[in-house]
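The next block holds one structure in the form of structure tokens; read it before the comments.
All of the numbers you see were taken from the coordinates with simple rules; none came from a lab. These numbers come from a predicted model, not from an experiment. Note: ideal-geometry Cβ built from the backbone for every residue, glycine included; neighbour counts use all protein chains shown.
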Amino acid sequence: MANTIHPSKIHFSALALENLDGVSGIVQPVAQTQSVTLESSATMLVTDFSVSHPYTLSTGSSIAQALETMKQAGVRLLMLVNASGNFTGVVNARELIGGRRITLAMQKHQIGRDEVTAEMIQTPRSELHSLSYAKISHASVGDLVETLKSSGDQHVLITEPDGSGGGRIRGIISASNISRALGVDLNHPPEARTFSSICQVLLGHDL
């Protein structure tokens, strides 16, 4: 049986406060000096949800709510979850800004634009591509680019086992993050937004 600690028997001491004489600087995060190359570990480019919080949205949210969430978070993709908290798919900025899916949803459901929900225009889980974190852990950035160059995906989900026989989303890799990490200017040429075109810009040809 564990010993019970009675509050009355614990003694606390007040710490001596100090003034700020001679203190003028503020600590800043150390800049990331490790450069990313095609030989680097692919894990360097994973937005890891065990470290950074994923941006999620309820499937029943309006497209206006989805767009506002993206603006506030500074992201171009949201993970959608249903009422049970289960992952159902993703919605990206392209689909929210004048996307054809909105028009199709309005026609299909005979509703106005303000009634279209994120679920109606999502890319469902069944249509998304993923890579396991185990594979990424043993892969290089070059392997990643070569694997994804033909898909044209802007984002690829990273999965891991959930401990109960299923899986869960561990993180995400985006074409824009790879571009920034490798020093590719997304605007010159403007088509350098997919894994394939990133590879072409870097090497002058496909891998």
Derived scalar couplings ³J(HN,Hα) [the range 66-71; Karplus, 6.51 cos²θ - 1.76 cosθ + 1.60; whole Hz; x for Gly, Pro]: 4, 5, 5, 4, 4, 4
For residue 89, what residues show an amide H to amide H distance below 5 Å, using hydrogens built from the backbone and excluding near sequence neighbours? 80, 125
Just want the ordering: 53, 138, from fewest to most Cβ atoms lying within 10 Å of their own Cβ. 53, 138
Reachable lysines from residue 135, Cα under 23 Å, same-chain residues fewer than 8 places away excluded? 149
The exposure ranking of 162, 143, 21, fewest beta-carbon neighbours within 10 Å first, is 21, 162, 143
Residue 44 neighbourhood, Cβ < 13 Å, K/R = +1, D/E = -1, net charge -2
